[in-house]
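The values are calculated or read from the model by the stated rules, or taken from the named source; none is laboratory data. Here the structure is a predicted model, which means the values were calculated and not measured. All Cβ positions, glycine included, derive from the backbone under ideal geometry; neighbour counts span all protein chains shown. Note: areas computed on protein heavy atoms with side chains; ligands, DNA, RNA excluded. Shrake-Rupley method; radii C 1.70, N 1.55, O 1.52, S 1.80 Å.
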Amino acid sequence: MRVISGKCKGKSLQAVPGMTTRPTTDKVKEAMFNMIGPYFSGGLGLDLFGGSGGLGIEALSRGLDRVIFVDHDAKAVQTIKKNVAACRLTDQAEIYRNDAERALKAIIKRGLTFRLIFLDPPYKNKQLEALIAIIDAHQLLQKDGFIVAEHGAEVELPKQIGRLTKVKDETYGITAVSIFAYVEEGSNS
């Protein structure tokens, strides 16, 4: 695993020890960023199932100002801290050990909105729709932002969740990526 592009290009990232997390492959990561970027001029990101931190670190490398990383696994949180430090991004990262719904409640209280939200829960965990609905209901995504949901290829997320529309979806072997955004009425995207 490595950072693919941007200011940290080529930096190696450690994987979380053990078998509890499944890192996003470089191929899938590259495809994700090509769908939504590939580069950014600032903004705040949220990596809600941080794992090794690879997605959030890639977003920082490609121009986001800050990323909040959340994972409920202590080993994952330690790995994110190591990877963020190795890429010299510590000043641009907030790292928390928490579960996804609790983390969203804390974010709602802070009144934050995001340019980019990564949702990459364990594939057996079927909470993506509920999390996207919470993000929409509390307007956590900026109008020009994206939610990038990674899930098992057998999972078909609905075209519409609240006011969010699935604007792209691609499958890569056992992995699928669905991109959600706010679509203006009458736009042809």
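Screening residue 58 against (1) surrounded by fewer than 21 Cβ atoms within 10 Å (Cβ to Cβ); (2) under 16 Å from residue 149 (Cα atoms) leaves a single unmet condition, (1). Within region 73-87, the set of residues being surrounded by fewer than 16 Cβ atoms within 10 Å (Cβ to Cβ) and either touching a residue at least 60 places away in the same chain (Cβ under 8 Å) or in contact with a Lys or Arg (Cβ under 9 Å, 6 or more places away or on another chain) (or both) comprises 74, 82. With respect to the conditions (1) in a loop (DSSP other than H, G, I, E, B); (2) within 17 Å of the chain's Cα centre (by Cα); (3) exposed (fewer than 15 other Cβ atoms within 10 Å of the Cβ), residue 157 falls short on a single one, namely (3). The set of residues in region 160-171 being open to solvent by 40 Å² or more (accessible area, probe 1.4 Å), among the charged types (D, E, K, R) and either out of contact with any helix residue (DSSP H, G or I) (no Cβ under 8 Å at 6 or more places or on another chain) or assigned to a loop (DSSP other than H, G, I, E, B) (or both) consists of 163, 169. The residues of region 128-154 that are more than 14 Å from the chain's Cα centre (by Cα), under 20 Å from residue 25 (Cβ atoms) and among the charged types (D, E, K, R) amount to a single one, 154.
For every residue, the table says whether it meets (1) in contact with a helix residue (DSSP H, G or I) (Cβ under 7 Å, 6 or more places away or on another chain); (2) at pLDDT 90 or above; (3) within 19 Å of residue 151 (Cα to Cα); (4) of a type in the set (Lys, Arg).
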site: 5; (1), (2), (3), (4): yes, yes, no, no
site: 8; (1), (2), (3), (4): yes, yes, no, no
site: 27; (1), (2), (3), (4): no, no, yes, yes
site: 31; (1), (2), (3), (4): no, yes, yes, no
site: 44; (1), (2), (3), (4): no, yes, no, no
site: 54; (1), (2), (3), (4): yes, yes, yes, no
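Here residue 7 clears all of (1) within 20 Å of residue 123 (Cα to Cα); (2) open to solvent by 60 Å² or more (accessible area, probe 1.4 Å) except the condition numbered (1).
Just one of the numbered conditions (1) under 28 Å from residue 65 (Cβ atoms); (2) modelled with pLDDT under 95 is not true of residue 140: (2). Restricting attention to region 95-105, does a residue exist that is open to solvent by 50 Å² or more (accessible area, probe 1.4 Å), within 15 Å of residue 16 (Cα to Cα) and modelled with pLDDT of 95 or more? Looking for residues that are open to solvent by 50 Å² or more (accessible area, probe 1.4 Å), within 15 Å of residue 16 (Cα to Cα) and modelled with pLDDT of 95 or more, one finds at least one in region 95-105, hence yes. Of all residues assigned to region 127-139, none qualifies as being in a loop (DSSP other than H, G, I, E, B) and under 17 Å from residue 55 (Cα atoms). For region 24-42, filtered to residues that are in contact with a Lys or Arg (Cβ under 9 Å, 6 or more places away or on another chain) and open to solvent by 20 Å² or more (accessible area, probe 1.4 Å), the residue that is nearest to residue 107 (Cα to Cα) is 40. The set of residues from region 172-187 being assigned to a strand (DSSP E or B) and either closer than 24 Å to residue 138 by Cα or at pLDDT 95 or above (or both) comprises 177, 178, 179, 180, 181, 182. For region 72-89, the count of residues that are under 15 Å from residue 121 (Cβ atoms) and of a type outside the set (A, V, I, L, M, F, W, C) is at least one.
Only one of the listed residues (112, 141) is touching a residue at least 12 places away in the same chain (Cβ under 8 Å) and out of contact with any helix residue (DSSP H, G or I) (no Cβ under 7 Å at 6 or more places or on another chain). That residue is 112.
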